[in-house]
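Below is one structure, written out as structure tokens; the observations come after it.
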Amino acid sequence: MPPILGVRVDYRVNGRPVPEEAVASRDFIADLLGRNRLTQIVPPAGISAVTPILKLSIDHTFDKGEARSAGFQSGMTFGAADRDIRDDFSVRISLTDPRKNRRRDVLYDTGQNGVYRHAVVTRIGGSTSGLLPSDYPGAYQRMLESVVASFLKDLHVAGQESNPIIFVPDTREDP
């Protein structure tokens, strides 16, 4: 029997919470994990104090002025102007199991947390240069699939390591 898991999602667009997108994203991820029989998903009302939780915090950012300008430019040229609009996503994922004791000496447990960055680029006019075109909801769902798959892979790798280490690039300037 697959493990029991609850899924929670927080979704923000340019810093503002969007509860309906959080629900839609949560339902998609729950369906994805349940359909693949990786887990047995607990509905939100059934989550208890001992239910393991997969939590995603999705920060979606885009430039409103650029999006308006691209739409206006496309309308004025009847779609003949080429323009790209970029939607950036930063997805923080955590997996917690209240039944397991957390080690107090671990500052950052690489097996429990992950931050994944992606973007969806909408092209207005022009060619997609060999890329597989998609509608926006399809592109967003493929991004979520990729993020969840990457997290599960990272979680598995971290579980295999006796002493998992994460390397973070040092972006400080030399003194």
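Laid out as a table, the results:
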quantity: Top-ranked residue of the stretch 27-82 - restricted to ones that are at pLDDT below 90 and of a type in the set (K, R), ranked as nearest to V120 (Cα to Cα); calculated: K64
quantity: One residue from R8, R16, R35 being within 13 Å of the chain's Cα centre (by Cα) and without any contact (Cβ under 8 Å) to a residue 60 or more places away in the chain; calculated: R8
quantity: Residue satisfying all of: in the stretch 1-35; more than 18 Å from F62 (Cβ to Cβ) and of a type in the set (K, R); surrounded by the fewest Cβ atoms within 10 Å (Cβ to Cβ) among these; calculated: R35
quantity: Residue count for the stretch 36-49, restricted to those that are surrounded by 15 or more Cβ atoms within 10 Å (Cβ to Cβ) and in a loop (DSSP other than H, G, I, E, B); calculated: 2
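The values are calculated or read from the model by the stated rules, or taken from the named source; none is laboratory data. What you are looking at is a predicted structure, and each value in this text was computed from that prediction instead of being measured. Positions of Cβ are backbone-derived with ideal geometry, glycine not excepted, and every protein chain shown enters the neighbour counts.
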